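Peer 1: Below is the structure I would like to discuss, written out as structure tokens.
The values are calculated or read from the model by the stated rules, or taken from the named source; none is laboratory data. Predicted model only: the values in this text are computed from it and were never measured. Every residue, glycine as well, gets a Cβ built from its backbone with ideal geometry; the counts of neighbours run over all protein chains shown. Quick note on the areas: whole protein, heavy atoms, side chains included, nothing else; ligands and nucleic acids left out. Shrake-Rupley method; radii C 1.70, N 1.55, O 1.52, S 1.80 Å.
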Amino acid sequence: MVDLLTVDHLGIGIPRGSNTVALVEDVSFTVRAGESYGIVGESGCGKSTTIRAIIRLLTGKARITRGAVRFDGVDLAQAKESALQSIRGAGIGMVFQDPLTALNPVLTVGRQIAEGLRYHGQLSAADRHARMLEAMRLVGLPDPARIAASYPHELSGGQRQRAAIAIALIASPRLLLADEPTTALDVTIQAQILRLLSDLRSRLGMALVLVTHDLGVVAQTCDRVAVMYSGRIVEEAPIRRIFENPRHPYTVALLNSIPRGSRAGHPLHPIAGMPPDPAHRPSGCSFAARCPNRQTDCEAVAPGWTPDAGGGGFACFHPARAHAEVPHG
Amino acid sequence: MAEQPLLSVIGLDKYFPLRRSLVAGFMGQPQHWVQAAQGVTFTVARGESFGLVGESGCGKTTLGRLVLGLLPVDDGAIRFDGQDVTKVDPATRRALRRQMQMVFQDPYSSLNPRMRIGRAIAEPLRLHGIVPADQVEHEVARLLERVGLPSSAAGRYPSELSGGQRQRVGIARALSVRPKLLVADEAVSGLDVSVRAQVLNLLDDLRRDLGLTLLFISHDLGVIEYLCETVGVMYLGTMVENGPTSQVFARPAHPYTRALLASIPRADPTLAQSDETPLAGEPPSPVNPPSGCPFRTRCPDAQGMCETSPPRVTLPGGRWAACHFAAETMNAQLQ
């Protein structure tokens, strides 16, 4: 498969006084055409910041401090705003966590869905209208003509997220970035939206980068996954390997802290302590203070990247043992 | 178990009036009501952890508030330790309320940002005279340690603590008056998985060590399965299924429970996404819930008879489900 997006040693920082606090450090990954790539981690690990930086939608004073984001031969980290405009929507679409805040409350849903077409291609108003209704049907919105004339507050949470997905898809992007797209939804609606994203990906041949805190969502949706902790990717692997043979102690700990049955049958092992403050990260491994495998070398320098035989790799001096044979998903 | 349950909820109804414009009132247009609870009946044994699960708007939070007496009931009874909470005089109610405490979803908005943690916990101790005044400080330290916080946390403000630590403070505050029942409404929903696990284990340890009874309200089926021995599944203000969690989760008898369980994304990539098509549509409005079975408009098994109120079908293992086909649904899943 062709590499569609390459994030190369990306660093993101936010100025504080005369210093810069690093929110994301040295993040590298590649998304291939048509694949579904997950980024998982807990609050503050930098996962949302990373995907917002890809299409340069960082909020506040956060800035890309180093590295490159290559898409279609263009380095988005360096691109001018005009170049970004043509890539946003037509090259890369984005879906956010909360569809209510992502939608404009005073414009009809139909107008917001069709808006993207004004900036991409030379379609007549009638053609734009037809494409809008088609996009609404594609995302499973019932009665498109009626919903097109509705305002966001008149729709349910699930319908709003479908509308937000229609907005992201209207200009036929090759990559969809989704930041916690189902976190605000009920579980039965979440199942519908995840099914929709998978269907759209296979029908449109689109790649998906899905950011989530939910390991279940990743397991059911993604081909490969990166685990982030304290601003870095600590492990990357094909989806089955990460669940069957996690190597980084943080990944192991994360998997041990999700409920999978009764406490009697499957006791949870919480991770003691807290991630470090980004302004005061230790010089060694950021996870060392909470890590059961910690040794003295962990505190001296941050571990480099160790590639794994089955694809992916991890950043740890003392990883969990590799199983003899790892089936690749 | 001949012992009297700590909490019995019997035929509980609660409707909220929908705001109606003045003109609509004059024009004689009918008043609409939101059905938040309708005929809800269940019991919670002493020392049990009971999970109330359902999606947004199913009435689970309202039910928790009704139990605590934070909202008046429209009909039905809530027996707590043998007394009907809805009928007692104000003085008795106050005494009863001390025995049931609440842990809220967001410990940040439930703690006064300008009050140090120690004072926040000391307040209920003083109000209810739990310990003599000269021992309050000592008791605060003991409570903080009980929930896994250093006693030095007493001098901190809520903003200086993490989400998990604040939730521990919320729990310490609820425990301070030595309640029998703890109602926890989405108490771990705002927490990251690693911290959530800590708080879940804490709640379970407290229940065992202090003999507390826990009414745990959550939308998260995994959390309910982990923590609760018994589960009640809510849909549109009614309880549709009730029974031991392990049995209900292994062989759901109500089609809604079955759909809910099939919707959970399982953290195991070898389990393909459930073959069952996701539940179509969205819950109907609780303003005009469907007649008969509230789930029939989305139910894959619905038939003509579902337009009449479904019976409460008693099932083996101390379970029941409100569905004409409960036994068939449950038995269809026998492996």
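Peer 1: Looking at the stretch A:168-196 only, could you name the residues that are in contact (Cβ under 8 Å) with a residue 60 or more places away in the chain and more than 22 Å from A:GLU42 (Cβ to Cβ)? Break it down into steps so the answer makes sense when it comes.
Peer 2: Pass one, the stretch A:168-196, residues in contact (Cβ under 8 Å) with a residue 60 or more places away in the chain: A:168-181, A:183-184.
Listed by number, the residues that qualify are A:ALA168, A:LEU169, A:ILE170, A:ALA171, A:SER172, A:PRO173, A:ARG174, A:LEU175, A:LEU176.
Peer 1: Pull up the stretch B:119-170, narrow it to residues that are within 24 Å of B:ARG208 (Cβ to Cβ) and charged (D, E, K, R), then point me to the one that is least open to solvent (accessible area, probe 1.4 Å).
Peer 2: Selected residue: B:GLU139.
Peer 1: If B:SER56 satisfies all but one of (1) open to solvent by 60 Å² or more (accessible area, probe 1.4 Å); (2) away from chain A (no Cβ under 14 Å), what's the number of the condition it fails?
Peer 2: That leaves (2) as the condition not met.
Peer 1: I'd like to know if the stretch A:43-55 contains one or more residues that are more than 17 Å from A:ALA207 (Cβ to Cβ), in contact with a Phe, Trp or Tyr (Cβ under 8 Å, 6 or more places away or on another chain) and either crowded, with 17+ Cβ neighbours inside 10 Å or more than 14 Å from chain B (Cβ to nearest Cβ) (or both).
Peer 2: Yes; the residues of the stretch A:43-55 include at least one that is more than 17 Å from A:ALA207 (Cβ to Cβ), in contact with a Phe, Trp or Tyr (Cβ under 8 Å, 6 or more places away or on another chain) and either crowded, with 17+ Cβ neighbours inside 10 Å or more than 14 Å from chain B (Cβ to nearest Cβ) (or both).
Peer 1: Next question. Is it the case that the stretch B:300-313 has a residue that's open to solvent by 30 Å² or more (accessible area, probe 1.4 Å), without any contact (Cβ under 8 Å) to a residue 60 or more places away in the chain and touching a helix residue (DSSP H, G or I) at 6+ places or on another chain (Cβ under 6 Å)?
Peer 2: yes
Peer 1: Which condition from (1) more than 9 Å from chain B (Cβ to nearest Cβ); (2) surrounded by fewer than 16 Cβ atoms within 10 Å (Cβ to Cβ) is the one that A:GLU236 breaks?
Peer 2: Only one criterion is unmet by A:GLU236, namely (2).
Peer 1: Is there any pair linking a residue in the stretch A:263-292 that is free of Cβ contacts under 8 Å to residues at least 12 places away in the same chain to one that is open to solvent by 50 Å² or more (accessible area, probe 1.4 Å), with Cβ under 7 Å and at least six apart or on different chains, and which?
Peer 2: A:HIS266/A:ARG260; A:ALA288/A:PRO282; A:ALA288/A:ARG294; A:ALA288/A:GLU299
Peer 1: Turning to a different aspect of this structure: Could you tell me which residue of the stretch A:239-268 is nearest to the chain's Cα centre (by Cα), considering only residues that are modelled with pLDDT under 90 and open to solvent by 30 Å² or more (accessible area, probe 1.4 Å)?
Peer 2: The residue in question is A:ARG260.
Peer 1: Within the stretch A:176-212, can you find the residues that are within 16 Å of B:PRO269 (Cα to Cα) and at the interface with chain B (Cβ under 7 Å from one of its Cβ atoms)?
Peer 2: Of all residues in the stretch A:176-212, those within 16 Å of B:PRO269 (Cα to Cα) come to A:191, A:194-195, A:198, A:210, A:212.
Those that are within 16 Å of B:PRO269 (Cα to Cα) and at the interface with chain B (Cβ under 7 Å from one of its Cβ atoms): A:ALA191, A:LEU194, A:ARG195.
Peer 1: Looking at B:LEU202, B:LEU206, which one is out of contact with any Ser or Thr (no Cβ under 9 Å at 6 or more places or on another chain), more than 11 Å from every other protein chain (Cβ to nearest Cβ) and farther than 30 Å from B:PHE16 by Cβ?
Peer 2: Numbers: B:LEU202 fails: more than 11 Å from every other protein chain (Cβ to nearest Cβ).
Result: B:LEU206 is the single residue among B:LEU202, B:LEU206 that is out of contact with any Ser or Thr (no Cβ under 9 Å at 6 or more places or on another chain), more than 11 Å from every other protein chain (Cβ to nearest Cβ) and farther than 30 Å from B:PHE16 by Cβ.
Peer 1: Cβ-Cβ below 8 Å, separation at least six or inter-chain, first residue in the stretch A:300-329 and closer than 16 Å to A:PHE243 by Cα, second loosely packed, with under 13 Cβ neighbours inside 10 Å and at pLDDT 90 or above: which pairs?
Peer 2: Final answer for the pair search is A:GLY313/A:PRO307.
Peer 1: Please work out which residue is nearest to A:ARG56 (Cα to Cα), limiting yourself to the stretch A:174-188 and to residues that are open to solvent by less than 10 Å² (accessible area, probe 1.4 Å) and among the hydrophobic types (A, V, I, L, M, F, W, C). Break it down stepwise before answering.
Peer 2: From the stretch A:174-188, those open to solvent by less than 10 Å² (accessible area, probe 1.4 Å) are A:175-178, A:181-182, A:188; that's our starting set.
Next, from what is left, pick out any that are among the hydrophobic types (A, V, I, L, M, F, W, C): A:175-178.
Working: A:LEU175: 15, A:LEU176: 14, A:LEU177: 12, A:ALA178: 14 Å.
The qualifying residue nearest to A:ARG56 (Cα to Cα) is A:LEU177.
Peer 1: Another one. For the list (1) surrounded by fewer than 18 Cβ atoms within 10 Å (Cβ to Cβ); (2) modelled with pLDDT of 90 or more, I need the number of the one condition that A:CYS285 fails.
Peer 2: It fails just one condition, (1).
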